[in-house]
1. How about segment 160-186: which of its residues are assigned to a helix (DSSP H, G or I) and within 14 Å of Gly301 (Cα to Cα)?
2. Ala224: in contact with a Phe, Trp or Tyr (Cβ under 8 Å, 6 or more places away or on another chain) and aliphatic (A, V, I, L, M), yes or no?
3. Considering Leu417, Leu459, which residue is assigned to a loop (DSSP other than H, G, I, E, B), assigned by TED's automatic domain parsing to the domain that holds Glu484 and under 30 Å from Val319 (Cβ atoms)?
4. If I go through segment 296-349 residue by residue, how many of them are more than 25 Å from Gly21 (Cβ to Cβ), of a type in the set (Val, Ile, Thr) and either free of Cβ contacts under 8 Å to residues at least 12 places away in the same chain or touching a Ser or Thr at 6+ places or on another chain (Cβ under 7 Å) (or both)?
5. For residues that are out of contact with any His (no Cβ under 9 Å at 6 or more places or on another chain) and among the small types (Gly, Ala, Ser), scanning just segment 278-337, find the one that is farthest from Gln170 (Cα to Cα).
6. Restricting attention to segment 23-39, which residues are more than 14 Å from Phe412 (Cα to Cα), of a type outside the set (Lys, Arg) and either free of Cβ contacts under 8 Å to residues at least 24 places away in the same chain or surrounded by fewer than 19 Cβ atoms within 10 Å (Cβ to Cβ) (or both)?
7. So which residues in segment 508-531 are outside any helix (DSSP H, G or I) and without any contact (Cβ under 8 Å) to a residue 40 or more places away in the chain?
8. Is one or more of the residues making up segment 363-379 in contact with a His (Cβ under 8 Å, 6 or more places away or on another chain) and not acidic (Asp, Glu)?
Amino acid sequence: MTVIGVSDSHNSAVAALCQDGTIAAVQEERLRRVKNYHNVPTMGLEWLVTHTGVAPQDVSVLALAGMPTVPLDRAGWIDVFRRSAHWQGRLRTAIGQTPLRAAVERKRAQERLDAYVALGFRPEAIKVYGHHACHAATAYYGQSERTEPVLVLTVDGGGDGLCASVSIGQDNKLKLLHEVPYADSFGTLYAVVTYMLGMVPLEHEYKIMGMAPYAAMSGSRRIADRLHTLFRWVDERTPVWRRAPGVPHTLHIQPVLEKLFFEQRFDNIMGGVQLFTEEILCEFVRRAIAETGIRRLCLSGGVFMNVKANKRIMEMEEVDSLFIFPSCGDETNAIGAAYLARAEHEGGAAVPPLSSMYLGPEWSATEIRDDLSEWVDRGDIVLSQPDSINDAVVELLMQGHVVGRFAGREEFGARSLGNRAIIADPRNPDVIREINEMVKSRDFWMPFAASVAAEHADLYLRNPKNVAAPYMILSFDTTEAGGEQLKAGTHPYDRTCRPQVVTQESNAEYWDLIHRFASRSGVGGLLNTSLNLHGLPLVHRPRDAVHVLLNSGLNWLAVGPYLITKPAA
């Protein structure tokens, strides 16, 4: 059977589990060139139908992940947070569900189903799965060890009325133990703080995490202690929390936070929110392990995109092993919904574990030339084909150049994993400023990441538990060698690294590029950041990569077998 999973809420995405066990997936934002696109992913579905060769009417199950929020653009979400602190928003939450609101939600649900039927999918093939059930499915079915019990935890801002869950996965089945209501979400609190600090909620939370290490621990401790007073555990042991008496729904918590943060430094606020998040997550994990006796963890949900919190969890004495589904925000619920549908119809053993996040389209040399022909014909770009594209790129890196790389299948999720990437020599910290001024326009305090060949990982990373790190979802302390040789790919203050450990099996071409660079430089890694302009999603087509080249200070681009530059360069 062919199963298509869809997440049409925050950052819409589609995924297909094909009959042969392979997975294909793409985010709608990439095709539409609209970052964090919300709505029915029509272009993604069109690509999946073409890629799989299965017409909509022949799809066995169209698995939808939960009920999406009302589709909103960036300005719409900012307005939601602006209005959330107003008395009308708080009153609406206090009143709760009304017959009118229930009728509106039923109408929205029916309109959603009608939209997919209009695209050609059979009504009887459409099945809706809960938001946190989809997160839990990615965490459990995404890893391969399913005989022994594992503890499956989900935490996010909210979805289908929940913000967290605790389950046990064993023998290819999931058993739900606990749930936490959306109103008690500290993920939403983190988003409210993001808005209060003048940044975009549901998008710029990572900037708080990046600033946190710069804050003095005394200031961070003061803010974290105040935030802890807003929540209570339901009893002495259970891994379930609630808001303290008198604390409003966390979507409407801004007035409370304004009092807690009054006359406090911005960096202490950022550090305190991050410290609080790490501590409440670790206590959540500790209680779940104590209750179940299970020390193997599988995690998913948008809060676990916080790599600093993940590091704290990984280092806990109670944790024996850790798997976090890569890019575990709502986009991966498309995969989770497809997992649940396959498990429901064919059994959990039929669900293939995740082996790669290179799940999108791949472009042949002919397709690349066709996509770029108008720029070549006009003389806007100079295109050449060296004998070895990797040797040509390494030569540019050794000369100190920054290079865009478009190769192989497109990565799925929030992280560049080398195939749609900007790469550079990681030894030179000045390259951070260069990339920011040329292309990225990132905040000055934000670090870049590194891709490290697996053979060099032990030299650079402190990883006593040997936790696999192929997807940039974990951070590690660096060794002395890592701090020096990966200097531009580590956090400039605490010298932690959010690595992509690259094996020959996972990405042979990228692994080969790193090894060729190592043979010239002695460094077994590269600085790696996503190939996109500020405010736009990761590039999708070759022409998107050329758009970055022509609208930035970037001068070199490797696209498939071709080396591309500007005429002046």
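1. Tyr182, Phe186 - these are the residues of segment 160-186 that are assigned to a helix (DSSP H, G or I) and within 14 Å of Gly301 (Cα to Cα).
2. yes
3. Selected residue: Leu417, the only one of Leu417, Leu459 that is assigned to a loop (DSSP other than H, G, I, E, B), assigned by TED's automatic domain parsing to the domain that holds Glu484 and under 30 Å from Val319 (Cβ atoms).
4. Qualifying residue count, segment 296-349: 1.
5. Within segment 278-337, the match that is farthest from Gln170 (Cα to Cα) is Ala309.
6. Val34, Asn39
7. Of everything in segment 508-531, just one residue is outside any helix (DSSP H, G or I) and without any contact (Cβ under 8 Å) to a residue 40 or more places away in the chain, namely Gly522.
8. Taking every residue of segment 363-379 in turn, none turns out to be in contact with a His (Cβ under 8 Å, 6 or more places away or on another chain) and not acidic (Asp, Glu).
The values are calculated or read from the model by the stated rules, or taken from the named source; none is laboratory data. Please read all numbers here as calculations on a predicted model, not as lab measurements. So basically every Cβ, Gly included, is an ideal-geometry build from the backbone, and we count neighbours across all protein chains shown.
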